[in-house]
Amino acid sequence: MHSRRQFLTRSAQAAVALTLARHQAFASAAQKSGLADVYKEDFLLGTALSTHTLAEKNTQVLDLVAREFNAITAENCMKWGVLEPEPGQWQWGPADEFVNYGQEHNMAVVGHTLVWHSQAPLWLFKDEQGNPISKAALQERVEQHINRIMGRYKGKIHTWDVVNEAVDEDKGWRQTGFYKILGPDYMEQIFRLAHAADPNAHLIYNDYNMHDPHKRAFLVDVFKGYRQREVPIHGVGMQTHVGLDYPDLKEFENSMKAYIDLGLALHMTEMEVDVLPVAWEFTGAEISTGFEYSDQLNPYADGLPDKVQQQLTDRYVQMFELFLKYRENIARVTLWGTSDAESWKNNFPVRGRSNYPLLFDRDWQAKPAYHALKKLKTEA
Ligand code: G3I
């Protein structure tokens, strides 16, 4: 058993090395001059594209995104509730546009996300009479959904976020409708379905607060079981919604190492650096919680002081130094948006604040953090 496990881990590691080589070749092939180009020997560098950005067709913005990044993630347009708000009423427009844009610009296109409890359509867990749905019926809906979306974009999606945020920091499996109805092995079933739908797709699990030791221990256990049972999972997405002084980077690195040891490729999937006061102890991305606005919680409404700008720059550099240390195992680093103007962090967990978490300012100009990340590589 022991040697079989070692064999599985070794073959998984070999497979990951191959995949990473493919990812890096992809990055190197793109002839561009932006930040992604600077990191092309290390990992893909991506951003999230909002439906609004695509719909606006602002060529200056879209050209900037295509120049600076070589990977894109759908911020919202591929979520189940957005794609199929009513049974069978598919809204493919924005998702098609997103995939076409990525292909036109030779970018790695990331599908986000096949199964997520949040933004699942309300009808999903009910039958035609409005009663709770049976296990068999939900299984069928999930399978059809996966086949439909993965089939439509087969060969065009570089990486799929197969399951998103299925684990709670303290309690293990999050008690979602999927978990309760499909049972404790539901994530495993979903990875198998995704692999069957597109055997060539790179499949990852994606979550926030991945530095958390409880979450890490739980997931390591789950993934070890997956290795033994040959569940087709290829990588882990560490969302990387961080702040100026959280999380503890030692814990973050411990998690990176733990997943690498399991032979999984690392993806930093949704990075940004929140500079505002933490409204509560919570530092994750669970979007079901909110706080009352107060000026105290929004101290930089008129602009970011130089001192904080510097802290933001230092934090980005510190994180990228860590990523470079593990460049052999990192497939991609994706920012959760391009300009501060479009970040979800302006409205979460308090609505109406001015946050400054990304690499481009509200006028889509590169910030000091952007220049520091270029310098980090060019002067290394
Ligand atoms: O499009 C509607 C618009 O028509 C309406 O007028 C407006 C009113 O509030 O809402 C708009 O939809 C919002 C949508 O973002 C587009 O802006 C939704 O209310 C809002 O809930 C949604 O938030 C998204 C959130 O996921 C929930 O899906 C954020 O943009 C998106 O950045 C965020 O991304 C998640 C990742 O998918 C998973 N990890 C955590 C991350 C942050 O929560």
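The values are calculated or read from the model by the stated rules, or taken from the named source; none is laboratory data. Quick caveat, the model's predicted, so the values are computed rather than measured. Cβ sites come from the backbone with ideal geometry, for glycine too, and all protein chains shown count toward neighbours.
A few comments on the model shown:
- Selection from region 156-170 of residues that are acidic (Asp, Glu) and more than 15 Å from the ligand (Cβ to nearest atom): ASP170
- Spans of helices (runs of 4 or more DSSP H) in region 186-297 with at least 2 residues in contact with a strand residue (DSSP E or B) (Cβ under 7 Å, 6 or more places away or on another chain) and charged (D, E, K, R): none
- Filter pass, GLN91 being within 16 Å of the ligand (Cβ to nearest atom), more than 23 Å from ASN206 (Cα to Cα) and either touching a Pro at 6+ places or on another chain (Cβ under 7 Å) or assigned to a loop (DSSP other than H, G, I, E, B) (or both): yes
- Subset of region 358-377 (residues that are assigned to a helix (DSSP H, G or I) and without any contact (Cβ under 8 Å) to a residue 40 or more places away in the chain): HIS371, LYS375
- Selection of region 131-185 for residues being polar (S, T, N, Q) and in a strand (DSSP E or B) yields THR159, ASN164.
- Among the residues of region 133-154, not a single one is within 22 Å of TYR208 (Cβ to Cβ), buried (at least 20 other Cβ atoms within 10 Å of the Cβ), within 16 Å of the ligand (Cβ to nearest atom) and β-branched (Val, Ile, Thr).
- Scope region 301-313; condition assigned to a helix (DSSP H, G or I) and either among the hydrophobic types (A, V, I, L, M, F, W, C) or without any contact (Cβ under 8 Å) to a residue 24 or more places away in the chain (or both); matching residues: ASP306, LYS307, VAL308, LEU312
- Residues in region 332-380 that are within 12 Å of the ligand (Cβ to nearest atom), charged (D, E, K, R) and buried (at least 16 other Cβ atoms within 10 Å of the Cβ): GLU342, LYS345.
- Per the listing ASN355, ASN329, the residue uniquely touching a residue at least 60 places away in the same chain (Cβ under 8 Å) and either over 23 Å from the mean Cα position of the chain (by Cα) or over 20 Å from TYR246 (Cα atoms) (or both) is ASN329.
- Residue match in region 100-114 (condition: in a helix (DSSP H, G or I), modelled with pLDDT of 95 or more and within 16 Å of the ligand (Cβ to nearest atom)): no
- Summed over region 252-284, residues that are closer than 30 Å to ASP306 by Cβ and modelled with pLDDT of 95 or more total 10.
- For region 230-258, the candidate set comprises residues that are among the hydroxyl-bearing types (Ser, Thr, Tyr) and crowded, with 22+ Cβ neighbours inside 10 Å; within that set, the residue that is farthest from the chain's Cα centre (by Cα) is SER255.
- Test: residue in region 4-18 that is under 23 Å from LEU359 (Cβ atoms), out of contact with any His (no Cβ under 6 Å at 6 or more places or on another chain) and either at pLDDT 95 or above or among the small types (Gly, Ala, Ser) (or both): no
- Contact map, region 240-253: first residue in contact (Cβ under 8 Å) with a residue 24 or more places away in the chain, second residue basic (Lys, Arg) and more than 15 Å from the ligand (Cβ to nearest atom), Cβ cut-off under 6 Å, separation 6 or more or different chains; pairs are LEU244/ARG315.
- Of the residues contained in region 116-127, one or more are found to be outside any helix (DSSP H, G or I), within 16 Å of the ligand (Cβ to nearest atom) and touching a residue at least 60 places away in the same chain (Cβ under 8 Å).
- Selection count, region 285-331, where residues are at pLDDT 95 or above and β-branched (Val, Ile, Thr): 4
- Filtered residue count, region 52-88, keeping only those that are within 11 Å of the ligand (Cβ to nearest atom), in a helix (DSSP H, G or I) and under 12 Å from TYR101 (Cα atoms): 2
- Residues satisfying the stated conditions in region 75-109, i.e. surrounded by fewer than 20 Cβ atoms within 10 Å (Cβ to Cβ), of a type in the set (D, E, K, R) and in contact with a Leu (Cβ under 7 Å, 6 or more places away or on another chain): GLU97
- Checked against the criterion of being within 30 Å of ALA258 (Cα to Cα), surrounded by fewer than 16 Cβ atoms within 10 Å (Cβ to Cβ) and among the polar types (S, T, N, Q), region 314-329 has at least one qualifying residue.
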